[in-house]
Amino acid sequence: MKQHYLSILYLVEQKKQVMQRLTGIYFGPSEKGGRGVFSAIYISEGTLIEVCPMIVLPEEDFQKIHDSTLHDYYFLWGDDENQCAIALGFGSLYNHDYEPNARYFVDPEEETMEIYATKEIFPGDEITVTYNGHPDDKSLVWFEDPNYDKDIKPNANEG
């Protein structure tokens, strides 16, 4: 088993790749609504939880996604946030919390999103991020804002 593990690490190092998801995270029904991402293992602060590839859509497809079932799962993308992207892996399933235990960072060049633990996460905990992008931003997210109009193209992060 140890030799197998070392072989995997060697292959990852040779290809200059990082592991893409911690073993021990899974998705399931969430008390926050819908599905969420959970941990079956202890995760220490600062640990990379997942690297999610992003499907980046051109600006002309933005409104189609915004008006579809994918509305609740996309992220704004691009310097002017005039594009949207869907995170693969578990990326679009992380639920919002104003006191999250993880944070996401996007890499536009690689078209990826990385999820890092910002606090200790224990077995059974739901892994959450803030949809506002920065943990200090406590403004209402779109689905809690009574003035939110889905028919208007947004100009702030959703995901």
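The values are calculated or read from the model by the stated rules, or taken from the named source; none is laboratory data. Keep in mind that this is a model prediction, so the values were computed, not measured. For neighbour counting, all protein chains shown are included, and Cβ atoms are generated from backbone atoms with ideal geometry for every residue, glycine included. The area values use the complete protein model at the heavy-atom level, side chains included, leaving out ligands, DNA and RNA. Shrake-Rupley method; radii C 1.70, N 1.55, O 1.52, S 1.80 Å.
At a glance:
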| item | result |
| --- | --- |
| Output for region 109-133, where each listed residue is open to solvent by 80 Å² or more (accessible area, probe 1.4 Å) and either modelled with pLDDT under 90 or within 14 Å of the chain's Cα centre (by Cα) (or both) | E111 |
| Subset of region 50-92 that is in contact (Cβ under 8 Å) with a residue 40 or more places away in the chain and among the aromatic types (F, W, Y) - its residue that is farthest from T23 (Cα to Cα) | F62 |
| Filter pass, F38 being in contact with an Asp or Glu (Cβ under 6 Å, 6 or more places away or on another chain) and surrounded by fewer than 16 Cβ atoms within 10 Å (Cβ to Cβ) | no |
| Output for region 20-35, where each listed residue is of a type in the set (V, I, T) and either within 13 Å of the chain's Cα centre (by Cα) or open to solvent by less than 40 Å² (accessible area, probe 1.4 Å) (or both) | I25 |
